[in-house]
Amino acid sequence: MGILIVIALISFYSCDDFVDVELPNSQLTAQGVYEEKTTANAAMTAIYSKIRDEGLLTGGSTGLSHLLGNYTDELDFYGSSQNETTAFYNNTLLVSNTDVRQLWNSSYNQIYAANAVFEGVENSIHLPVKDRNQLKGEALFVRALIHLYLANIFGDVPYITTTDYVKNKQAKRAPLNTIYERIKTDLADALLLLPEDDISYTRVRPNKYACYALLARVNLYAGYWEEAVNEASIVLNKTSTYVFEQDLDKVFLKESTATIWQLSPAFDSGNTLESETFNFTVGPPPLSALSTHFIDAFNAGDQRKTHWIKTVSDGTTNWMHPYKYKYSNTGSSVENSIVFRLGELYLIKAEVLAHLGELSSAKEALNQIRNRAGLNNTTAQTQDELLEAILQERRFELFTEFGHRFFDLKRFDKIQSVLSEVKPGWDANDILFPIPEIELNLNTNLTPQNPGY
């Protein structure tokens, strides 16, 4: 019966508009799911499966890695004009765009699922305290992570912390600074609950260090420099577990020592959706390829251009695609979808140290990334030069990874100047996606619509 309940639970997580409808009277409400370690863990891992397969963090074509790559200056779109990605590429999003609505709905369904796990475990009687704490910490981690992305693409959004449909269907949008504070509160609580060790042994379940990595990113976005550098350093200093991978071809392997948290494939013989989305073997590209603007910006000798990008030719025209994830059909899985890795934390550390005026230490962190790519130490001297160098290094290190380019340009206040030159349809209001029209109709507390839509 326990496994059947979890199957029902997973099915419900697929429903749309959970914020706006009444929770059905079904096995989902059975507290027995959270009284057994096996079924409680199954409920939590089902959320990771959903994150992998749909929504913001899927490596598929409807996830941020692909959509924001086309929205900014990383990718050119070659697919059908009927494909919703066309609107992202041309920066012509409408309030009725189905991919935008899917991002919204799947995100809040994942948040709801995390809240269901938290509440179920909180009320558990027989689940051991150690397991209870682990699952509560993971649920808080997921809730914080998804809200961070929602806030940075939609602006002010509701911060949902309950499964109470009456409250949720009337939820109001919270300002960005409030969202950051709620995220930090959730992660502070998660730190008290999560273990230091990796209980999965494959880095697919978040631990304290994944939580510190997320906190470092949150505080970077919020401008809390001291907190961000401290949190990034905690992970970077855990050298007994996390080791910066010098071989570029090993960075995205499932056993990479630089991985902090990753999403496992659906099958033991599977690999990543990123590989399916970005890789192609004949031209023209069926979906997307790296833009010439992006390719031409690489410094001479940058080994990431050689190891993380692949050229496809029809004998006349060359196209290049991301090649971070290289495998599709293998006897056993070789790659997982990496959400947090040390490369980002070195860049966070460099950026916040530069803001703090500690230029020598900032350069040291930045040079870790540059030297691994086969580049010499940075020649930046002033704070402004160094921050510009860090922005550029993030561009080449983190391309097509969950929309970093979009968030970086916004944070550096360069999104208008950069994208207006290379994106004919770019408008200043494009810094936010529209709130899906159907959501505004269902919940008037979500008004007003974002500017420009």
Practice task
Could you line up I338, I51, I309 from fewest to most neighbouring Cβ atoms inside 10 Å?
Solution key: I309, I51, I338
Practice task
Using θ = phi - 60° and the Karplus relation 6.51 cos²θ - 1.76 cosθ + 1.60, list the HN-Hα couplings for the range 182-192 in order, rounded to whole Hz, with x at every Gly or Pro.
Solution key: 5, 4, 5, 5, 4, 6, 5, 5, 4, 4, 6
Problem - D (Stokes-Einstein, µm²/s), Kirkwood Cα radius, the range 382-423, 1.567 mPa s at 4 °C - result: 121 µm²/s
Exercise for the section: Would you compute the Debye intensity of the chain from its alpha-carbon atoms alone, equal scatterers and no solvent, and pass along log10 I(q)/I(0) at q = 0.12 Å⁻¹ to two decimals? Expected result: -1.06
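Could you grab the relative contact order for the chain? Cα pairs under 8 Å, six or more apart, rounded to a whole percent.
Once normalised by length, the contact order is 19 percent.
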Practice task
Would you compute the Debye intensity of the range 227-309 from its alpha-carbon atoms alone, equal scatterers and no solvent, and pass along log10 I(q)/I(0) at q = 0.11, 0.27 Å⁻¹ to two decimals?
Solution key: -0.48, -1.25
Practice task
Positive end of the charge dipole of the chain (Lys, Arg +1 and Asp, Glu -1 on Cβ, about the Cα centre): tell me which of S332, V117, V95 has its Cα farthest that way.
Solution key: S332
Practice task
Go through the range 227-243 residue by residue and turn each phi into a ³J(HN,Hα) via Karplus (6.51, -1.76, 1.60, θ = phi - 60°); whole Hz please, and just put x for glycine and proline.
Solution key: 5, 4, 5, 5, 5, 4, 5, 4, 6, 4, 7, 7, 6, 6, 10, 10, 10
Exercise for the section: List the residues whose amide H sits under 5 Å from the amide H of K310, counting only those 5 or more places along or on another chain, with H placed 1.01 Å from N in the peptide plane. Expected result: H321, Y323
Exercise for the section: May I ask for log10 I(q)/I(0) of the range 406-453 at q = 0.13 Å⁻¹, from a Debye sum over the Cα atoms as equal point scatterers with solvent left out? Expected result: -0.39
Practice task
Assign one of three labels to the range 129-180, namely rounded, prolate or oblate, based on the Cα gyration tensor with a ≥ b ≥ c the square roots of its eigenvalues; rounded applies when a/c is under 1.5, prolate when it is not and a/b is larger than b/c, and oblate otherwise.
Solution key: oblate
Exercise for the section: Search the structure for amide H atoms under 5 Å from the amide H of L253, placed 1.01 Å from N in the peptide plane, and list their residues when 5 or more places away or on another chain. Expected result: none
Problem - Residues T62, T98, sorted so that the one with the fewest Cβ neighbours within 10 Å comes first - result: T98, T62
Practice task
Over the alpha-carbon set of the range 108-206, divide Rg by the Kirkwood Rh and report the Rg/Rh ratio to two decimals.
Solution key: 0.99
Completion exercise
For the range 31-70, the Cα-Cα pair-distance distribution in 10 Å bins from 0, as whole percents, is 31, 31, 22, 14, 2
Practice task
Please name which of N105, G301, F407 has its Cα lying farthest along the dipole of the chain towards the positive end, using unit charges on Cβ (Lys, Arg +1; Asp, Glu -1) and the Cα centre as origin.
Solution key: G301
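What number in nm² do you get for the range 287-344 if you take the convex hull of its Cα atoms and divide its surface by four? Can you show the working numbers first?
Working: hull surface 24.3 nm².
One quarter of the hull surface, i.e. the mean projection, equals 6.1 nm².
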Completion exercise
Placing each pseudo-label 7 Å from Cα in the direction of the beta carbon, N429 and T38 end up separated by a distance in nanometres of 5.5 nm
Completion exercise
Computed over the range 221-275, the distribution of all Cα-Cα distances in 10 Å bins, rounded to whole %, is 19, 37, 31, 12, 1
Handout entry: Whole-angstrom Cα spans of the range 154-210 along principal axes, big to small
Key = 41, 25, 21
Handout entry: Alpha-carbon spread of the range 51-169, three principal axes, descending order, Å
Key = 54, 28, 21
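Using only alpha carbon pairs under 8 Å that are at least six residues apart, calculate the relative contact order of the range 266-335 and give it in whole percent. Walk me through the numbers before you get to the answer.
Details: 95 pairs, mean separation 34.3, N = 70.
Computed value for the range 266-335: 49 percent relative contact order.
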Fill in the blank from the handout: Helix 129-154 sits off the longest principal axis of the Cα atoms of the chain, rounded to the nearest 10 on a 0 to 90 degree scale, by 50 degrees
Fill in the blank from the handout: Checked the range 229-372 with the C-alpha gyration tensor, a ≥ b ≥ c its square-rooted eigenvalues, rounded below a/c of 1.5, otherwise prolate if a/b is larger than b/c and oblate if not; verdict oblate
Practice task
Once you have a ≥ b ≥ c as the square roots of the Cα gyration tensor eigenvalues for the range 319-453, tell me rounded if a/c is under 1.5, and otherwise prolate or oblate according to whether a/b is larger than b/c.
Solution key: oblate
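All of the numbers you see were taken from the coordinates with simple rules; none came from a lab. Computed from a prediction, not measured in an experiment: that's the story for all the values here. When we count neighbours, we look across all protein chains shown, and the Cβ atoms used for this are built from the backbone with ideal geometry, even at glycine.
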